[in-house]
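First the structure, in the form of structure tokens, and then the observations on it.
The values are calculated or read from the model by the stated rules, or taken from the named source; none is laboratory data. Given the structure is predicted, the values throughout are model-derived calculations rather than measurements. As a convention, Cβ positions derive from the backbone with ideal geometry for all residues, glycine included, and neighbour counts pool all protein chains shown.
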Amino acid sequence: MIDHYNAFISYRHAPLDIKVAEHIHSKLEHFHIPAKIRKKTGIKRIQRIFRDKDELPITSDLTDTISHALLNSDYLIVICSKSTCESTWVKREIELFLKSHSRDHILAVLAEGEPYEVLPEELLKEEVQIVNPDLTTSTYLRDKEPLCCDYRQSFRKADKDELPRLAAALIGCSYDELMNRRRAYQMQRITALGAILATLALGFSAFLIWSRMKIQKNYQESLRNQSKYLAYESEKLLSEEKRIEAIQLALAALPSDGDDRPITSEAIRALTDSTLAYQPLAGNSIHAVWNYQTATSITYMALSPEKETFTVSESTQKVTTWDTENHEVVFEKQFPGQTIYSLDYIEENKLLITTNEALYLCNIEKSKVLWEFSLPTGGSIDLQGPMISEDKKSIFVPSSLNQIYHITASEGTLLEEYELPYLIGDQIAMYYGFVLSPDATKVAFNMNSTSPSVGVFSFADRSAKSAEISDPDIRDLVWIDNDTIVFAEYDYFSSDNMFRNMPTIVQPHMDVVTCVDTNTMTVKWSKEFSYNIYLSFSELLNLPSRNAVAYATGDVIEIYSADTGEVLSSYMVNEVVVDIDDSDGDGNLIFITQSGALGTTVDSISTNTTSLTYELVNNINHVVIGGGIYVKQDLSNEVIYYAAYVSDTDWKEIDQDVVLTNIDDRYLDDDYLVISTLVNESQTTRLIAYDANETELIFDVELPSIGFAGSQILGIYQDELYVSRQSSDNKYVVAVISMEDGEQVDELELGDFYIGLSKIGSMTDGYLTYIAKDKETRTERLVIRDLDSGKDEDFDMPDTTAFPLRAPRYYPEFKAIYYSTEEGDYIFDVANEDYTEIDLPKNWTGTEVIEHDTKGERWILTDKSRVLVFNSKGRQEMKLECNGLSAIGATFYREGKKDEQILVVFDDGSLYRYDAEKGQFLGKTEVEAYYNSMVAAEFKYYEEQGLIYIQTGEVTDIVDTNTWVELAVVWNSLGYHAPTDRFMAFSYKSTKEIHVGYFKHYTLSDLMDKAYKIIGRLQLTEEQKSQYGIS
């Protein structure tokens, strides 16, 4: 049995009373006492509340249990309702409680009604004792309003305001103190909750930020991948000569209009390549300049006389004309329901369009049809189209009804109608292949009749005559003067020719080239023409300047004397020829092959020699030459326009009066650019020096006669140029030239000249190192000359019999000389005068590349197929895998605090990266390598730029060290000049006329400006955007 209760709840067992009693019971036992009150009162919690229904055991002696609980309870809580006063048990419980407790330990709870209605009488009175005058005491009852807690309101509100009154009494503190503490506690809870909510909010915000950052990162990565894809497609298009679309895709791969697309190295490279940035003139410099595109495949092409406009027709019978300067469309016309047969310019702005139904002369400039001519007697226009006189005043229109109409070019007025005879001799004539004579008085034709023939019709007397030919058909026909025709005949029924209209056949073929006098229709000469590869192209070309005629088909071109038919030249091209041309009229042919070669005949060597350069796209079907080359591929909807002398026009020449015939050697540092050129006529060396910062010529001088050994620029020290050469008495001498005016101030005779200049001496940081023979013993010695003091130090050679592979080189930073010979390599410690032989493999083929780290403790050495790393003691540390490639340059490289790497350039145009400690392969970058692998590659690294410049011969590669992607290639490069951020480069149309200048190092903005300057307002079409996934 429990001996103590905090309170006893007395109530009548009615529904409302029970509900209130249960609620108060539960709330009091779970009432939270603030910590400071717990500390003050010592009461941690209200532990026990007695309520007879829960606490009274099922026994027959209820009175004893309740009495015990009442006597052992601190307070009596009476639930007061309208039925309370009717309860005998509540009244008895109050009376029993008052026997051991004072009335102020009774707490009333109003469940309903007003206090005077529901409070038991015992709670409305209190006993008061007074002391009488005779010092006796008297007891009487007086009215009292007990402490009442109002639970007539909602439990939630009552628990907040009224429950603490009961709790305060049970705990032993004041109501105000409890409420203050509760408020403080609640504020703490609110603060804690606020902190939790704030933490949650902060966490949620952080999550949102993280999510956004992740989404943004993924978005940026998707844009980066798309940019790389677009850059790849741009490079692919450029390789297919679709330069304009390549520029557009490169621009699409880069940020525009303030968007957040990342800048990728691949996109910069694509833009650099497609804009021809850093490409100076190099000979003809033929490049694709523009791509003229149509919606469907192109059928015919024509170029205006002055080359100002270019016109095509397409399979949808639409004609489009572009301005060749700005490449904008200036004329368009559709011919629905008709078939276009030909396009011919009558004048610069007058285009003759021939269809199966009519001829239309259009003014391109005004987009207007000037006149239209239809056949007056029916029939259709011959498929070959009209014939136009050389003076462009007359047009002759053959019809399907064997008629020829003569009309004026200016008005389209019919002047004459000619009826071609039905019979020529005893043969029925079927006409095709009409060709107008130069004086426009006759027309030659191919005649298909019972016997294949060639014929001529005279407009003057309206007569026709013919001559039989040996083969069934004529391929080409040309007038070489007003009385003579030449034609090529062939047998398309023969086993050699029956497959002509199928893909290229490689087998012997035979045509016959025949010349006929049209006055007598007799053969003047006839020649067999053999070739091996067939394609549908063939052409006869009159060469009046040579009194000759050229014929080309398949893989052969021949030139015949117009008078005798003698073969003047025969060229076996070994590729399918698709065009021959003599636009300049000098009789020297240029020709184009199907695979994209531009060829010229080289009769100066022999009458069967040609020169081919592969400048154009392959699979060429049709060509128009004039002011450039217009090329159409088979079944293509695009014409590629090529021009000569196309280059980066932002190249700046330093001095236009300085013209070089060759570049023998060069030197570039922060202050000067020096070029030496061998003048063959006088056997002297010409030295040209420029101020590299001011880009001004300093001097242009010649050294005295030196024979054919040439010279070598060793370097510049203290504003003096050192140039080694061979003297007239066969000595190895070094000329010292003032950089101020080019005057030679000294000449150092360093020994006998007996090996090449590149193998005798070198210069580093004010020291000349060279091989010299002792004057007395005639043995070879290694010599170091201090240019400041002029003093020499000479040392014994490790092997005086071995031939040096390169000049010895002194490294003053760690006082060592590296010396490489055919028999072995050595590191010479100058301070200790001690040689260390490199432990090279037995099958070493000779050292090609030598490079050291900053301390001279590790050395990279290569031969033709290996890259090895040695320590300063000559022991091999590791071998770098290179798949047998030949290295042309190497260096140790470290960026900031990152691990050191080894970079190696190979002659196939690849840059390999290795871990410098373990030799592990890290990655590969494709770079441009100079065609001459004998030229060593030099590295320059600028950490603030994040770029490496690799100079290989006359090529500078720019590599981004963050992505290891080649950003650009500078052609004809003399080197990168860091102080001005320029690339020194030369330009030439002829190899005998070289000009020196420079490019600025372009920013991305510069490159984009170049691109927009080329394409103007041209935008990708919606179809193109859809194709490449560009939104």
| remark: Scanning the range 901-911 residue by residue, those in contact (Cβ under 8 Å) with a residue 40 or more places away in the chain and either in contact with a Cys (Cβ under 8 Å, 6 or more places away or on another chain) or part of a loop (DSSP other than H, G, I, E, B) (or both) turn out to be VAL904
| task | Residue by residue through the range 115-171, note down the ones that are hydroxyl-bearing (Ser, Thr, Tyr), over 21 Å from GLU29 (Cα atoms) and in contact (Cβ under 8 Å) with a residue 12 or more places away in the chain. | result | THR139, TYR140
| field | Wholly enclosed strands (runs of 3 or more DSSP E) of the range 606-719 bearing at least 2 residues farther than 26 Å from THR991 by Cβ and at pLDDT 95 or above | value | 620-625, 629-633, 638-643, 711-717
| request: Within the range 632-653, count every residue that is surrounded by fewer than 20 Cβ atoms within 10 Å (Cβ to Cβ) and not charged (D, E, K, R). | output: 9
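Which one is farthest from ALA69 (Cα to Cα) among residues in the range 1-18 that are touching a residue at least 12 places away in the same chain (Cβ under 8 Å) and part of a helix (DSSP H, G or I)?
Step by step, filter the range 1-18, then rank; the result is LEU16.
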| said: Is it the case, given these coordinates, that TYR11 is hydroxyl-bearing (Ser, Thr, Tyr), farther than 18 Å from GLU122 by Cβ and out of contact with any Pro (no Cβ under 9 Å at 6 or more places or on another chain)? | reply: no
| request: Output the residue which, of all residues in the range 900-930 that are acidic (Asp, Glu) and under 20 Å from TYR942 (Cβ atoms), is nearest to the chain's Cα centre (by Cα). | output: GLU928
| query | Name the strands (runs of 3 or more DSSP E) wholly within the range 93-161 that hold at least 1 residues that are exposed (fewer than 11 other Cβ atoms within 10 Å of the Cβ) and either assigned by TED's automatic domain parsing to the domain that holds GLU22 or more than 60 Å from the chain's Cα centre (by Cα) (or both)? | reply | 125-131, 137-143
| task | Could you tell me which of the residues GLU694, GLU743 is surrounded by fewer than 19 Cβ atoms within 10 Å (Cβ to Cβ), among the acidic types (Asp, Glu), farther than 26 Å from LYS1000 by Cβ and free of Cβ contacts under 8 Å to residues at least 60 places away in the same chain? | result | GLU743
| field | Matching option when the condition is free of Cβ contacts under 8 Å to residues at least 24 places away in the same chain, of a type in the set (D, E, K, R) and out of contact with any strand residue (DSSP E or B) (no Cβ under 7 Å at 6 or more places or on another chain), among ASP426, ASP481 | value | ASP426
| request: Tell me the strands (runs of 3 or more DSSP E) entirely within the range 750-848 that contain at least 2 residues that are buried (at least 16 other Cβ atoms within 10 Å of the Cβ) and among the aliphatic types (A, V, I, L, M). | output: 767-773, 780-786, 816-820
| How many residues does the range 236-275 hold that are crowded, with 18+ Cβ neighbours inside 10 Å and part of a helix (DSSP H, G or I)? | 22
| Residue, surrounded by the fewest Cβ atoms within 10 Å (Cβ to Cβ), within the range 317-353, restricted to residues that are touching a residue at least 40 places away in the same chain (Cβ under 8 Å) and of a type in the set (S, T, N, Q) | ASN326
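Restricting to the range 877-894, name every residue that is in a loop (DSSP other than H, G, I, E, B) and either without any contact (Cβ under 8 Å) to a residue 40 or more places away in the chain or out of contact with any Asp or Glu (no Cβ under 6 Å at 6 or more places or on another chain) (or both).
Going residue by residue through the range 877-894, those that are in a loop (DSSP other than H, G, I, E, B) are 881-886, 894.
Scanning the range 877-894 gives GLU881, CYS882, ASN883, GLY884, LEU885, ARG894.
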| remark: In the range 521-559, anything surrounded by fewer than 16 Cβ atoms within 10 Å (Cβ to Cβ), more than 18 Å from SER470 (Cβ to Cβ) and polar (S, T, N, Q) is listed as ASN532, SER536, SER545, ASN547
| Wholly within the range 278-395, strands (runs of 3 or more DSSP E) carrying at least 2 residues that are in contact with a Ser or Thr (Cβ under 7 Å, 6 or more places away or on another chain) | 298-303, 309-314, 318-323, 329-334, 340-347, 350-355
| said: For the range 912-921: of the residues being in contact (Cβ under 8 Å) with a residue 12 or more places away in the chain and of a type outside the set (Asp, Glu), which is surrounded by the fewest Cβ atoms within 10 Å (Cβ to Cβ)? | reply: LYS918
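Here is a yes/no grid of residues against (1) hydroxyl-bearing (Ser, Thr, Tyr); (2) farther than 27 Å from ASP481 by Cα; (3) not assigned by TED's automatic domain parsing to the domain that holds VAL486:
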| position | (1), (2), (3) |
| --- | --- |
| LEU543 | no, no, no |
| ASP555 | no, yes, no |
| ALA562 | no, no, no |
| TYR571 | yes, no, no |
| THR601 | yes, no, no |
| SER604 | yes, yes, no |
| LEU612 | no, yes, no |
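Kindly establish whether LYS924 is on the phi < 0 side of the Ramachandran plot, without any contact (Cβ under 8 Å) to a residue 24 or more places away in the chain and not in a helix (DSSP H, G or I).
Details: on the phi < 0 side of the Ramachandran plot: yes; without any contact (Cβ under 8 Å) to a residue 24 or more places away in the chain: yes; not in a helix (DSSP H, G or I): yes.
When the stated conditions are applied, LYS924 passes them.
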| field | Verdict on ALA968 being touching a strand residue (DSSP E or B) at 6+ places or on another chain (Cβ under 9 Å), more than 24 Å from GLY923 (Cα to Cα) and assigned to a strand (DSSP E or B) | value | no
| request: Find all pairs meeting these conditions: Cβ atoms under 6 angstrom apart; at least six residues apart or on different chains; first residue within the range 461-477 and more than 18 Å from VAL512 (Cα to Cα); second residue in a loop (DSSP other than H, G, I, E, B) and not polar (S, T, N, Q). | output: ALA464/PRO421; LYS465/MET521
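Going by what's in this entry, would SER297 be described as in contact (Cβ under 8 Å) with a residue 12 or more places away in the chain, farther than 25 Å from GLU1023 by Cβ and surrounded by fewer than 23 Cβ atoms within 10 Å (Cβ to Cβ)?
no
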| task | May I ask you to list the residues in the range 421-468 that are modelled with pLDDT under 90 and in contact with a Pro (Cβ under 6 Å, 6 or more places away or on another chain)? | result | PRO452
| query | In the range 402-410, is there at least one residue being more than 54 Å from the chain's Cα centre (by Cα) and at positive phi? | reply | yes
